[in-house]
Every structure is written in structure tokens, then in C-alpha cells.
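These notes concern the structure reproduced below.
Readers should treat all values here as calculations from the given coordinates under stated rules, not as data from a laboratory. Quantities reported herein were computed from a predicted structural model and do not represent experimental measurements. Here the Cβ is made from the backbone with ideal geometry for all residues, glycine too, and neighbour counts use every protein chain on show.
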Amino acid sequence: MAFVGWNENLDACIFDLDGTLLDSMNVWQEVDRKYLASFGIVFDNRFSEEIKRLTFNESAKYFIEKFKIERSEEEIMSDWNEMVEVEYRDNIQLKEGVMETLDFLKQKEIRMCVATSCNKDHAIMAMKRLGIYDYFEFVRTCKEIGKNKEHPDIFLACAEEMEVAIEKTMVFEDLRIALEVAKKEGFQTCGIHDTLSTHEKTEIAKLCDYFIYSFYELNQV
């Protein structure tokens with residue numbers, strides 16, 4: 001790997017899913033666009049920026065409060081789940097270099113898990129289809145933890161469940177606020193470039209230990 005001191009300083013990795021392992025963020029942006037259009041509301045890219053850090057439940061609440069949509073949180077989440085299920089089941093692909101990186105980490109006996117804001121059923125559905133599910137010890141969601149990634153709880157819970165030292169655990173994320181809170185807690189951090197966070201790439205690169213445009217950048221032994 002290209003990381004200095006990889007074998008000595010790394011025991012575990014916590015991976016985000018959407019925008020990190022999966023090339024899926026544009027799918028969610030399109031869901032937002034179509035869903036708002038069904039209520040006669042014009043989509044603005046700033047909406048994606050505002051909700052990408054939220055849990056599924058929080059995003060539904062945001063839509064109700066901001067756009068005055070007359071549906072319950074449960075109804076909105078059900079609508080979204082129906083819209084995206086086919087994408088996770090059939091269409092969403094891995095980001096380039098992911099499989100090679102997971103293979104390398106497995107060979108080095110680095111422990112791995114997933115920490116995601118995604119619906120757990122959809123996450124597992126896509127991971128199994130793409131052949132990466134068995135690389136990970138478990139999948140934890142913000143919904144299970146009860147807090148979004150503006151808080152470190154999901155990363156701390158993952159480290160505790162794997163029984164690994166925080167300072168020897170790396171968080172892979174595309175979301176700036178998630179990387180900030182992980183870094184503050186003492187995790188190693190690797191920022192992943194995603195098209196929806198291009199406008200923040202300079203800030204993300206500065207705050208992380210590592211910043212990559214492709215997982216292929218890590219596959220240099």
C-alpha cells in the first residue's frame with residue numbers, strides 16, 4: 001500500500017458505503033429530484049448538500065419541514081425505498097479499485113466493517129450482489145446507532161465492536177463532517193473524492209491523513 005507504516009499502524013478500517021465504496025450518490029440526487037418534482041418543487045443542488053449528512057429519518061423530516069410535504073416521515077421513507085431499491089439490487093456499482101483494496105486488506109489481516117447512513121437492507125443487497133459483503137465483519141447504520149455522522153457515535157461503536165484501538169483504525173469517508181468528527185476522536189482518516197463533494201475537496205484533503213481520487217491509488221505495495 002502507498003500508506004507509510006501501513007502494517008505497523010493499522011489494525012482495522014471502517015468504510016462508509018454511499019460515495020465511498022459505492023458510486024451511488026448521483027442515484028440519491030436523482031431520487032430527490034424526481035420526488036420533489038412529483039410535488040411540483042424544483043430541485044436545487046444545495047438540497048443534496050444539506051441532507052447528505054443526515055440519517056434517513058432526519059432527511060424525511062427535513063423534506064416535511066422545508067417543503068411542507070403532507071406525508072409522514074414513514075410514508076416518505078417508504079416512497080424513497082421503493083424508488084431506490086431497484087438501483088441497489090441491480091444497478092449501483094463499486095467505485096474503481098475497491099475490490100483490489102479489500103483483497104489487499106484481507107491479505108494483511110486488517111479487520112473491516114461498514115458504517116453507513118444507508119438503509120441496511122439496501123446496503124447488504126448491493127454488497128452481496130457486488131461480491132464485497134463477506135469482506136466485512138458487520139454493517140452498522142446511523143439508524144441503529146441513533147445519530148447521524150455529525151457525531152462520532154457510529155465510528156466509536158464500530159471500533160468498540162471490533163475491539164480495536166481508535167488510533168489504529170482508519171475511517172474511509174467522502175463526507176467532510178464525518179471525517180472531521182472521526183479525526184477529532186483520534187481515528188486515522190482517508191478522504192474519498194466523490195463528484196458531489198468536489199467543491200469541498202481542498203478542505204477534505206487538508207483535514208485528512210490521506211485523500212484519494214481512486215482506490216487504485218492505494219494499490220501500490
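Name the residue, out of Asp23, Asp11, Asp121, whose mean-square fluctuation peaks in a Gaussian network model built on the chain with Cα pairs under 10 Å.
Asp121
Just to be sure I understand: with springs between alpha-carbon atoms less than 10 Å apart, which residue in Ile204, Ile177, Ile192 has the highest mean-square fluctuation in the Gaussian network model of the chain?
Ile177
When N is the residue count of region 98-221, what does its C-alpha Rg come to as a fraction of 2.2 N^0.38 Å?
Rg over 2.2 N^0.38 Å, computed on Cα atoms: 1.02.
Roughly how many debye, to the nearest 20, is the charge dipole of the chain about its Cα centre, given +1 on each Lys and Arg Cβ, -1 on each Asp and Glu Cβ, and no other charges?
It works out to roughly 240 debye.
Checking the cross-link filter: which lysines have an alpha carbon closer than 28 Å to that of Lys183, excluding same-chain neighbours under 8 positions apart?
The qualifying lysines are Lys52, Lys95, Lys106, Lys108, Lys120, Lys143, Lys147, Lys149, Lys168, Lys201, Lys206.
Looking at the chain, what % of its DSSP beta bridges pair antiparallel, to the nearest 5?
Among the beta bridges of the chain, antiparallel pairing accounts for roughly 5 percent.
Per the Kirkwood formula on distinct C-alpha pairs, the Rh of region 1-123 is how many angstrom?
This gives a value of 16.4 Å.
Apply the Kirkwood formula to the chain: the hydrodynamic radius equals the inverse of the mean of 1/r over all pairs of different alpha-carbon atoms; give it in Å with one decimal.
17.8
Before rounding to the nearest 500, sum -39500 (n - 2.57) across all DSSP H runs of length at least 4 in the chain and divide by the residue total; then give [θ] at 222 nm in deg cm²/dmol.
-13000 deg cm²/dmol
Using the alpha-carbon centroid of each, what span in Å lies between region 7-37 and region 146-188?
15
Just want to confirm a number: the relative contact order over the chain, from Cα pairs under 8 angstrom separated by 6+ residues, in percent.
28
Which percent of Cα-Cα pairs in region 25-91 sits in each 5 Å bin, short to long?
That works out to 4, 17, 30, 30, 15, 4, 1, in percent per bin.
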